[in-house]
1. Pull out all pairs, ordered by first then second residue, where Cβ-Cβ is under 6 Å, the residues are six or more apart or on different chains, the first lies in segment 156-172 and is surrounded by 14 or more Cβ atoms within 10 Å (Cβ to Cβ), and the second is assigned to a loop (DSSP other than H, G, I, E, B) and not hydrophobic (A, V, I, L, M, F, W, C).
2. Name the one entry in 68, 82, 91 that is surrounded by 13 or more Cβ atoms within 10 Å (Cβ to Cβ), within 30 Å of residue 135 (Cα to Cα), without any contact (Cβ under 8 Å) to a residue 60 or more places away in the chain and of a type outside the set (A, V, I, L, M, F, W, C).
3. Quick one: which of 143, 175, 135 is exposed (fewer than 14 other Cβ atoms within 10 Å of the Cβ), acidic (Asp, Glu) and in contact with a Lys or Arg (Cβ under 6 Å, 6 or more places away or on another chain)?
4. Applying the selection to segment 1-48, what residues are in contact with an Asp or Glu (Cβ under 9 Å, 6 or more places away or on another chain), among the small types (Gly, Ala, Ser), more than 21 Å from residue 138 (Cα to Cα) and assigned to a strand (DSSP E or B)?
5. Of the residues 112, 89, 32, 58, which single one is over 30 Å from residue 144 (Cα atoms), out of contact with any Lys or Arg (no Cβ under 6 Å at 6 or more places or on another chain) and at pLDDT 95 or above?
6. Restrict the check to segment 107-129 and report whether at least one residue is under 16 Å from residue 80 (Cβ atoms), buried (at least 17 other Cβ atoms within 10 Å of the Cβ) and either in contact with a strand residue (DSSP E or B) (Cβ under 8 Å, 6 or more places away or on another chain) or charged (D, E, K, R) (or both).
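The values are calculated or read from the model by the stated rules, or taken from the named source; none is laboratory data. Everything numeric in this text was worked out from a predicted model, so none of it was measured. Using ideal geometry, Cβ is built from the backbone for each residue, glycine included, and neighbour counts are taken over all protein chains shown.
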Amino acid sequence: MTSEKSFIGNMELAKSNNLFKLNENVIINVKFSIMGALREAWNENNWEKAYGKHDNAFKLKYGVKLYTGGLRKREIGKPLDTYRKAAIFWTRNPKLTQIAEKKIWVQIAKNFEPFIPRTQTEAQEMFLDFDEKMEFSAAELGEGKHKVGAEVFVSWLKHDYTESCSEKTHSEEVEIEITK
């Protein structure tokens with residue numbers, strides 16, 4: 001491994017619009033990725049080793065909160081607190097494994113829906129890249145210009161190929177305007 005630590009990177013807030021009416025809902029997509037040690041360790045060789053040691057499930061807990069900027073920050077909307085799970089399994093499907101003699105692959109559950117990625121890169125993107133749609137009522141903020149930011153946390157337990165981790169970070173704030 002070249003990275004010693006995992007961290008939250010590529011964090012970005014994407015707003016659906018700059019101007020909202022007081023009776024509309026504001027939609028902000030919070031995008032981020034887990035970078036560093038975990039991303040490098042999330043590969044087919046490590047899945048094979050972990051499966052041999054009966055370490056065949058990985059639960060990644062994460063959450064997103066939106067807040068208003070300024071001197072007195074306060075939470076807006078409903079916070080997201082959920083997880084993704086990955087299951088390492090034995091397969092006979094030759095289309096799945098990239099290394100011919102190996103038979104171990106991974107299934108990823110996002111929002112309780114299982115997916116089987118076709119490549120190791122797709123597995124990394126599916127498990128470690130996030131794009132969460134956050135929605136709240138414009139009336140929560142009231143009329144005027146407002147700065148909105150996001151706080152993101154991720155955590156997981158120790159596994160054969162990675163140490164336990166708990167990270168938290170804040171995004172750059174974006175400005176929105178709310179009118180009558």
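1. The qualifying pairs are 159/55; 160/53; 160/55.
2. Values: 68 fails: without any contact (Cβ under 8 Å) to a residue 60 or more places away in the chain; 91 fails: within 30 Å of residue 135 (Cα to Cα).
On inspection, the qualifying residue turns out to be 82.
3. Working: 143 fails: in contact with a Lys or Arg (Cβ under 6 Å, 6 or more places away or on another chain); 135 fails: in contact with a Lys or Arg (Cβ under 6 Å, 6 or more places away or on another chain).
Result: 175 is the single residue among 143, 175, 135 that is exposed (fewer than 14 other Cβ atoms within 10 Å of the Cβ), acidic (Asp, Glu) and in contact with a Lys or Arg (Cβ under 6 Å, 6 or more places away or on another chain).
4. 6, 33, 36
5. On the way: 112 fails: at pLDDT 95 or above; 89 fails: at pLDDT 95 or above; 32 fails: over 30 Å from residue 144 (Cα atoms).
Unique residue meeting the criteria: 58.
6. So far as segment 107-129 goes, no, none of its residues is under 16 Å from residue 80 (Cβ atoms), buried (at least 17 other Cβ atoms within 10 Å of the Cβ) and either in contact with a strand residue (DSSP E or B) (Cβ under 8 Å, 6 or more places away or on another chain) or charged (D, E, K, R) (or both).
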